[in-house]
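The structure under discussion appears below in the form of structure tokens.
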Amino acid sequence: MLKKTAKASKIEKKSEKGKKIFVLDTSVILYNHNSINSFDDNDVAIPITVFEELDNFKKGNDTINFEAREFIRIIDKLSLHHTLQNWVPLEDADGNFKVIMNENGRSGKVDANKVFGDVKADHRILNAALTLTEENPDKKVILVSKDVNLRLKAKSLNIPSEDFQTGKIKNIEQLYTGKTVIDNIDSGLVDKIYQEGSCTPEEIGITDPIPNHYFILRNDKTSILTYYNAISNRIERIEKRSAFRITPRNAEQVFALHAILNPAIKLVTMQGVAGTGKTLLALAGALEMKKDFKQIYLARPIVPLSNKDIGYLPGDIKSKLNPYMEPLWDNLKMIQNQFSERDREYKNITELVENEKLVITPLAYIRGRSLSNICFIVDEAQNLTPHEVKTIITRAGENTKIIFTGDIYQIDTPYLDSHSNGLSTLIDRIKHHPIYAHIRLEKGERSELANLANTLL
């Protein structure tokens, strides 16, 4: 009898009762190309339909195109000495991998195409999961998808389904806010901070402060705005200041503008609902610092309405993209309108735009660039994946400042949520870095009517 190879032993081991099989759909691959290695010692299967869909995504410069290409390369390497219709050991995990070929439904069995009255890719994927369940009665087969509707369809067919959880923030309600309110501060300490400009963290009862964390110190008589300067190891007072005549209206806005204007802070995130002033403060702060940078870039991801490709919109590329850029232009016009047309500041803004020193552009146009001597503002960052956020930050060269703004509860792309988007991930993972600052803006300042909508609707 031939001696079993290590790989053969591994495959045999995987037949043990209790092991799970995870079936991944296309959305999981496009979210994370290395997702097949995220299931410990369980097996992973991919319906052949997923490869057909990935073929439509492999060309292009967007992140999803990159994810599709990288996944195809991983599978190509796995198939070097194997056929994919049989279980193949994964190289970076303890489980096995195979491609599901039977997606047509079975006679006398449940057929998703017939149940839902339409032959489409999602239903073929459901049939693949059903086939695998029938072939492996000793294992639990689970469909993994970022598509909520597909997960619901799976459950209606008695197929266990779940979201791809790797990298997700478990408790979004406890996401870092960037500030702390400390009550009952001794009036003598408040006077000291006003006179000397700072105090030690221990004097306010803080033993291990987060760099660039903001504090509201208050007692019955007064309050004072401060932040922790990790360089000086002091809690320093913050003076309220304006930028291009945009004046903060609450404590959080004061903190946000301070972070933007602080040259020691190279990465800033601002999170808050619509109308809290995120984009306006970022742009005003960038204009205030225009002499420190060669260019100001204000960009945002393009998420077409109803998930329809912008190519179907009428007009040339400029006409197609203008509607998505209008909110950014609105903020610029608001700042410019703080001055009269005769003022030098008004003319400066016009000249900055004309000379392309201030550029408002879709985020896709930034890909592949090296961002040196630039103040780079990324609006609506909650619509970015963690990988996209990482890609943007890695583009930063010398003397570059990056500001991310967004509302983590207002997701416009179907495969992200408040727990998995790039902005939430960035806030959660980088909060202890000395060149980073974050502030959550809570109070809407756009108008009383806008605040009513955020509160009641």
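The values are calculated or read from the model by the stated rules, or taken from the named source; none is laboratory data. Computed from a predicted model, the values in this text were never measured in an experiment. We place every Cβ from the backbone using ideal geometry, glycine too, and count neighbours over all the protein chains shown.
Here are the numbers for the structure shown:
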| item | result |
| --- | --- |
| Set D41, D55: member being assigned by TED's automatic domain parsing to the domain that holds A93, surrounded by fewer than 20 Cβ atoms within 10 Å (Cβ to Cβ), at pLDDT 90 or above and within 15 Å of D92 (Cα to Cα) | D41 |
| Search result, residues across the stretch 125-139 that are within 33 Å of the chain's Cα centre (by Cα) and surrounded by fewer than 22 Cβ atoms within 10 Å (Cβ to Cβ) | none |
| Inter-residue pairs, beta-carbon under 7 Å, first more than 11 Å from I235 (Cα to Cα) and not assigned by TED's automatic domain parsing to the domain that holds N233 and in the stretch 183-212, second modelled with pLDDT of 95 or more and in a loop (DSSP other than H, G, I, E, B), 6+ apart | none |
| Residue in the stretch 371-387 that is modelled with the lowest pLDDT, counting only those that are surrounded by fewer than 23 Cβ atoms within 10 Å (Cβ to Cβ) and part of a loop (DSSP other than H, G, I, E, B) | S372 |
| Every residue from the stretch 140-168 that is outside any strand (DSSP E or B), buried (at least 19 other Cβ atoms within 10 Å of the Cβ) and of a type in the set (V, I, T) | I159 |
| Residues located in the stretch 229-247, provided they are farther than 21 Å from I402 by Cβ and buried (at least 21 other Cβ atoms within 10 Å of the Cβ) | I235 |
| Cβ pairs under 7 Å, 6+ apart, first in the stretch 33-54 and over 16 Å from F22 (Cβ atoms), second in a strand (DSSP E or B) | I48/V99; I48/I100 |
| Neighbours by Cβ (under 6 Å, 6+ apart or cross-chain): first from the stretch 255-276, basic (K, R); second crowded, with 21+ Cβ neighbours inside 10 Å | K266/K401 |
| Matching entry among D316, D343 (being modelled with pLDDT of 90 or more and more than 28 Å from A396 (Cβ to Cβ)) | D343 |
| Only one of L281, L287 that is without any contact (Cβ under 8 Å) to a residue 40 or more places away in the chain, under 24 Å from I349 (Cα atoms), in the same structural domain as Q338 (by TED's automatic domain parsing) and in a helix (DSSP H, G or I) | L281 |
| Odd one out for P248 among (1) in a loop (DSSP other than H, G, I, E, B); (2) in contact (Cβ under 8 Å) with a residue 40 or more places away in the chain; (3) in contact with a Leu (Cβ under 7 Å, 6 or more places away or on another chain) | (2) |
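The rows are residues; the columns are (1) crowded, with 19+ Cβ neighbours inside 10 Å; (2) in contact (Cβ under 8 Å) with a residue 40 or more places away in the chain; (3) touching a helix residue (DSSP H, G or I) at 6+ places or on another chain (Cβ under 6 Å); (4) part of a strand (DSSP E or B).
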site: R369; (1), (2), (3), (4): no, no, no, no
site: V389; (1), (2), (3), (4): yes, no, yes, no
site: F404; (1), (2), (3), (4): yes, yes, yes, yes
site: Q410; (1), (2), (3), (4): no, yes, no, no
site: T413; (1), (2), (3), (4): no, yes, yes, no
site: L423; (1), (2), (3), (4): yes, yes, yes, no
site: I439; (1), (2), (3), (4): yes, yes, yes, yes
site: K443; (1), (2), (3), (4): no, yes, no, no
